[in-house]
Amino acid sequence: MEEDDQVVVRAAWLYYMEGLTQDRVAEQLGLTRLRVNRLLGEARASGLVGITINSRLACCLQLEGDLKRICGLQDAAIVPTPQDPALIPALLGRAAGEFLSRHLETRRVQGIGVGWGATLREAIRFVKPGQWPGINVNSMMGGLTRGLEINTFETAAALAARLGARCSYLAAPLYAGSQKSRDTLVSQDVFRESFAEMAANDVALLSVGDISERSLLVRYGLPKDVTIASLKRANAVGDIVGQFLDATGKPVAHPLNKRAISPALDVLAKIPTVVVASGGPNKAAIIAAVLRAGLVKVLVCDEDTAAQALRLYAKA
C-alpha cells in the first residue's frame, strides 16, 4: 500500500471506527484539520468507506404492515419519499434489487419474468451477482420498436447476465396492429412456448405506468392510432404489462388491451411472487388499481405514493 493510501486508511479508521474528532485525528497523524477533512472525503468517494443506515423509519415500517394486512400482500418495501422526485427510480430500484436478492437466497426459483422501465433498470444494478444457471429470465411483454436501454429485451438480458442465468425474449412488439393480428401471432409455436414460460414463472419483476406524458409507455410505446384522450374516455388510470385498468382494477373496454402481446391478467395473478416496483404521485391510482385486482404480491414504493394508494384502495 502506498504511503498516501495508508494515511487515508489511518484517518478513516480513527474517525469512523474509533470515533475521534477531526482535530484529534489531525493531531495523531501530524496533519492539519483541513487535510484530514479532505482525506475523509476521498475515503468516501473512492469507496474505501461506505455508510449504511441500519435504522428504518417507523412510519415506513408501519405502512408496510398496513399494506400487508389490508391488501393481503406477501411483503412490502417502502422507502422515504425524496425531496427530488427524480431520485425515486434509483431508490426504489435499490429496494427492489435487494428484495430479489434475498428472495433468491431463500426460495427455489426457476423462472423470473421481467417488464421494463427506469426503476427496473436501476433494480438490476442492486441485484447480488451470482451463478444461477437453472433460472430462466424471460420478458413478460413485447418490446418497443424504438431502441431504448429500458426496453424489455435489454432488461431481461441485463438481469440474466447479473444472475448468470439463461434468458429468453418475447420477440414481438408490445402491441400488434389489431386483435386479429395479435391472435395470429401468438398462436405460432414459438410464442405459445414463450407464454407457457411466463405462466410457469415463480417471480415477476414489473412496474406500472400512468396515462400522463410522464409515462414512458405513453411517450414511446402507444400505437399512433391510440390517444391518451381515448384511454381516459375508457376510464383508464394506467397499465401493467401494457394492459390498461380502471380505478377498480378491471381491464378497460379499449381495443388496445386486445392488441397487447403480454400474458392475460388472470395468468399474471397466478404467479406466486409478483413484485411491482413503482412510485411517484402520478402512479398512486394505478398502484391502487393493481392492488385491488390482486395483481401484486410485493409492493416496492415510496412512502407518500404508497400512503395515497392505500387511501384509494380503502375507498373501494
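Computed from the coordinates by the stated procedures, all read-outs in this text should not be read as laboratory data. This structure is a prediction, so every number in the text was calculated from the model and none was measured. Note: ideal-geometry Cβ built from the backbone for every residue, glycine included; neighbour counts use all protein chains shown.
Taking the beta-carbon count within 10 Å as an exposure proxy, list Trp116, Trp13, Trp132 from fewest neighbours to most.
Trp13, Trp132, Trp116
Taking the chain as a Gaussian network, Cα atoms linked when under 10 Å apart, which of Glu197, Glu303, Glu18 shows the biggest mean-square fluctuation?
Glu18
Connecting C-alpha atoms closer than 10 Å in a GNM of the chain, tell me which of Val290, Val79, Val36 has the biggest fluctuation.
Answer for the Gaussian network model of the chain: Val36.
So what's the back-of-envelope 222 nm ellipticity for the chain, counting only DSSP H runs of four-plus at -39500 (n - 2.57) apiece and dividing by all residues, rounded to 500?
The per-residue figure over the chain is -13500 deg cm²/dmol.
Over the chain, what is the percentage of antiparallel beta bridges among all DSSP beta bridges, to the nearest 5?
If we restrict to bridges inside the chain, about 25 percent are antiparallel.
Of Lys258/Lys315; Lys68/Lys232; Lys68/Lys297; Lys180/Lys224; Lys224/Lys270; Lys250/Lys283, which ones are farther than 21 Å apart at the Cα?
Result: Lys258/Lys315; Lys68/Lys232; Lys224/Lys270 exceed 21 Å.
Principal axis lengths of segment 112-177 from Cα atoms, whole Å, largest first?
Extents along the principal axes, in whole Å: 39, 22, 14.
Please arrange Tyr220, Tyr15 by counting, for each residue, the other beta carbons lying within 10 Å of its beta carbon, fewest first.
Ascending number of Cβ neighbours within 10 Å: Tyr220, Tyr15.
Taking Rh as the Kirkwood radius, which is the inverse of the mean 1/r over Cα pairs, what is the Rg/Rh value for segment 58-315?
My calculation puts Rg/Rh at 0.94.
What is the local net charge at Ala289, summed over the other residues whose Cβ is closer than 13 Å to its Cβ (Lys, Arg +1; Asp, Glu -1)?
Around Ala289, the surrounding residues sum to +1.
Build a GNM of the chain with springs between Cα atoms under 10 Å: which of Thr227, Thr248, Thr273 gets the top mean-square fluctuation?
For the chain, modelled as a Gaussian network with Cα springs under 10 Å, the answer is Thr227.
Could you compute the net charge surrounding Ser178? Neighbours are other residues with a C-beta less than 14 Å from the C-beta of Ser178; K and R count +1, D and E count -1.
Surrounding charge for Ser178 is +3.
Rounded, prolate or oblate: which one fits segment 3-46, using the alpha carbon gyration tensor with axes a ≥ b ≥ c (rounded when a/c is under 1.5, else prolate when a/b beats b/c, else oblate)?
Rounded, because the longest to shortest axis ratio a/c is under 1.5.
Using the Karplus curve 6.51 cos²θ - 1.76 cosθ + 1.60 with θ = phi - 60°, work out ³J(HN,Hα) for each residue of segment 199-207 in order, rounded to whole Hz, and write x for Gly and Pro.
Residue by residue, segment 199-207 yields 5, 8, 4, 8, 9, 10, 10, 10, 10 Hz.
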